[in-house]
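The values are calculated or read from the model by the stated rules, or taken from the named source; none is laboratory data. Quantities reported herein were computed from a predicted structural model and do not represent experimental measurements. Methodologically, a virtual Cβ is constructed for each residue, glycine included, from the backbone with ideal geometry; neighbour enumeration extends over all protein chains shown. With ligands, DNA and RNA removed, areas are computed over all heavy atoms of the protein, side chains included. Shrake-Rupley method; radii C 1.70, N 1.55, O 1.52, S 1.80 Å.
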Amino acid sequence: QVQLVESGGGLVQVGGSLRLSCAASGRTFYAMGWFRQAPGKDREFVAAISWGGGSTYYGDSVKGRFTISRDGAKNTVYLQMNSLKPEDTAVYYCAAVTGVIADIQLEKRYDYWGQGTQVTVSS
């Protein structure tokens, strides 16, 4: 059974940092990513990483502030979020894709999803 378990969300002040973790189990993946959804908005691509080569991809709104990484031994993906802004407030979801894909930023490409973790940035 595939499971993606997120952790690390919480409340942080503007300019602060948080690190999200996503522990995967049940199978291996081609890539894993993070998406977020703010109230009243569509789910937005944040970042993704290919499991084999470690190539990384970022949404325009987080480039230069967020970093995605992986630990193969722990089967875990991380999202380091720095210089947080109020507009980063959202539920953050971990996702995984099993096959080789293009358009890694499209949520419909992903096969498995975590339950989400809340990130709130206060001003």
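Within the set of other residues whose C-beta is less than 9 Å from the C-beta of V97, count the net charge using Lys and Arg as +1 and Asp and Glu as -1. Show your work: numbers first, answer last.
Working: positive: R109; negative: D111.
Residues close to V97 contribute a combined charge of 0.
Each residue of region 23-36 is assigned a 3J(HN,Hα), and the resulting list reads 8, 9, 8, x, 5, 9, 10, 6, 7, 9, x, 10, 10, 9 Hz, derived from the Karplus form 6.51 cos²θ - 1.76 cosθ + 1.60 (θ = phi - 60°), x at Gly and Pro. Shown for the chain: the carbon plus sulfur share of the solvent-accessible area, taken with all protein chains present and a 1.4 angstrom probe, equals 45%. Cα centroid separation, region 82-102 to region 49-73: 10 Å.
In Å², what does the accessible area per residue of region 73-123 work out to with a 1.4 Å probe? Walk me through the intermediate numbers first.
Working: 2480 Å² over 51 residues.
Value for region 73-123: 49 Å² per residue.
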